[in-house]
1. Here are some residues: Glu230, Glu280. Which one is touching a Pro at 6+ places or on another chain (Cβ under 8 Å), assigned by TED's automatic domain parsing to the domain that holds Asn211 and touching a residue at least 12 places away in the same chain (Cβ under 8 Å)?
2. Residue under question is Arg340, and the condition is that it be touching a residue at least 60 places away in the same chain (Cβ under 8 Å) and over 15 Å from the mean Cα position of the chain (by Cα); does it hold?
3. Out of the residues in the stretch 123-144 that are among the charged types (D, E, K, R) and surrounded by 14 or more Cβ atoms within 10 Å (Cβ to Cβ), state the one that is modelled with the highest pLDDT.
4. Quick test for you: out of Tyr346, Tyr268, pick the one residue that is among the hydroxyl-bearing types (Ser, Thr, Tyr) and either more than 28 Å from Gly390 (Cα to Cα) or not assigned by TED's automatic domain parsing to the domain that holds Lys241 (or both).
5. Somewhere in the stretch 343-363, is a residue within 25 Å of Ser134 (Cα to Cα) and of a type in the set (Phe, Trp, Tyr)?
6. From Leu297, Leu399, which residue is crowded, with 18+ Cβ neighbours inside 10 Å and over 27 Å from Glu255 (Cα atoms)?
Amino acid sequence: MSEKQFQELLERYKQQNVSIEEKEILFQAIARGEYEPATESAIWNELLVNTNTESWTTEREERILSKLLNETKAQAPAKLVPFYRRKFFRIAAAACILLFAGGIALHYYSGIDKRVTIAQTPVSISADVAAPQSYNARLTLADGSVVMLDSAGAGTVAVQGKTNVIKKEDGSILYNETSFSPDIAYNTLAAPRGGKVVTITLSDGTKVWLNSESTLRYPINFSSNVRKVELTGEGYFEVAKNPSKQFIVKTGDVETAVLGTRFNVNSYADEAGIRVSLLEGSVKVTNGSSTADSKILKPGQQVKVDQTTEMIANADMEQVLAWKNGYFQFNSAAITTVMREAARWYDIDVEYSSKASNDTFSGKIPRSVNLSRLLKWLEWSDVHFRLEKGTGKNGTNKLVILP
């Protein structure tokens with residue numbers, strides 16, 4: 001069965017227009033974890049548009065889950081891993097598919113710590129905050145002039161020496177070097193708090209994604225024998241291969257050197273240390289001028305540089321890249337960790353009126369949701385919230401963590 005056929009079968013199942021045989025085929029595909037991206041996409045679309053949580057209860061959730069597990073185990077081949085031991089989305093996908101036919105969708109949470117139970121009372125909120133709708137990104141040119149990218153139309157927004165700076169239809173930035181120039185000049189791209197993820201393709205073909213509250217300083221063209229850029233905040237890099245020119249990302253005293261690879265660098269000042277995570281190829285991470293403490297990473301590894309350098313052998317790359325892929329995703333994260341990420345995305349200030357909860361959060365939710373939706377996702381714990389309009393620094397909204 002192709003993915004297209006799976007999606008068509010999924011749609012017909014939602015409309016209760018499948019035979020018993022087709023239903024069995026669909027359940028077996030879900031139990032095996034096939035076509036997970038397609039089912040995941042369908043889940044979130046349904047949750048964001050049609051979820052009705054007002055009458056939801058823990059008892060009702062448990063009853064539906066029990067029915068789901070019993071029916072799915074009956075449909076799945078005997079040799080398969082039991083369904084309830086599979087990944088979060090495989091359970092959530094089947095749960096939502098079963099409920100589609102009844103006109104409701106289930107709001108689930110990965111069961112590492114707890115499963116979400118939607119609160120019966122709304123979050124105390126005087127003003128909601130939407131997810132970023134624009135980039136609000138600033139491009140500072142070599143002469144110090146600034147281009148506000150949202151107000152610039154598609155096409156050439158600047159000419160730097162012999163390089164054209166082009167804004168594409170999708171909002172990404174492209175540096176197109178028309179001819180070689182030995183001159184070295186720098187541009188800076190800034191993605192502010194409360195702005196969408198910005199994508200830029202440098203003159204050598206390297207592609208960079210910038211998370212909120214991040215900046216990238218880079219040469220207009222790479223005329224020297226080393227390609228070096230400077231990052232603050234967080235960026236994901238797909239480096240164009242060039243064996244004769246090493247590519248270096250400098251974040252404070254830490255340098256990440258590569259030839260051609262894919263990796264993520266998180267260097268926010270309010271996070272504990274700088275984290276470099278490797279998806280493909282090989283990178284060398286050096287702290288300071290001494291090479292004695294250098295670490296060479298293999299795919300799937302992460303290095304955390306703080307007072308010491310710590311290697312993590314099997315990093316969760318799905319969690320590392322969740323921001324780039326449009327999700328909040330946490331794995332036993334403290335409320336302070338969750339709120340730091342939310343503050344950068346929604347451009348809010350966070351105030352803790354009491355000691356932060358010791359509870360941890362695990363799960364995944366689209367970053368396209370309003371802040372109130374994220375708070376509902378979190379309020380199963382002992383932490384409660386109050387969102388105040390315009391009472392934060394510089395008139396921003398402030399989220400108060402209540403006792």
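1. Numbers: Glu230 fails: touching a Pro at 6+ places or on another chain (Cβ under 8 Å).
Exactly one residue qualifies, and that residue is Glu280.
2. Here the answer is no, as Arg340 does not meet what is asked.
3. So the first thing to find is which residues in the stretch 123-144 are among the charged types (D, E, K, R), and the list is 128, 138, 143.
Restricting the remaining residues to those that are surrounded by 14 or more Cβ atoms within 10 Å (Cβ to Cβ) gives 128, 138.
On the way: Asp128: 86, Arg138: 97.
By that ranking, first place goes to Arg138.
4. Details: Tyr268 fails: either more than 28 Å from Gly390 (Cα to Cα) or not assigned by TED's automatic domain parsing to the domain that holds Lys241 (or both).
It is Tyr346.
5. Step one: of the stretch 343-363, the residues within 25 Å of Ser134 (Cα to Cα) are 343-350.
Okay, now just the ones that are also of a type in the set (Phe, Trp, Tyr), so 345-346.
Scanning the stretch 343-363 turns up at least one residue that is within 25 Å of Ser134 (Cα to Cα) and of a type in the set (Phe, Trp, Tyr).
6. Numbers: Leu297 fails: over 27 Å from Glu255 (Cα atoms).
Within the list Leu297, Leu399, the selection yields Leu399.
One line per residue, one yes/no per condition, for (1) at pLDDT below 95; (2) surrounded by fewer than 22 Cβ atoms within 10 Å (Cβ to Cβ); (3) more than 28 Å from the chain's Cα centre (by Cα):
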site	(1), (2), (3)
Ile166	no, yes, no
Asp170	yes, yes, no
Ile184	yes, yes, yes
Ala190	no, yes, no
Gly195	no, no, no
Thr201	no, yes, no
Gly205	no, yes, no
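Okay, residues lined up against (1) buried (at least 17 other Cβ atoms within 10 Å of the Cβ); (2) outside any strand (DSSP E or B); (3) on the phi > 0 side of the Ramachandran plot:
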| site | (1), (2), (3) |
| --- | --- |
| Val208 | yes, no, no |
| Tyr218 | yes, no, no |
| Asn221 | yes, yes, no |
| Gly235 | yes, no, no |
| Gln307 | no, yes, no |
| Ala315 | yes, yes, no |
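The values are calculated or read from the model by the stated rules, or taken from the named source; none is laboratory data. Fair warning: this is a prediction, and the values are worked out from it, not measured in the lab. Backbone-built Cβ (ideal geometry, glycine too); neighbour counts: all protein chains shown.
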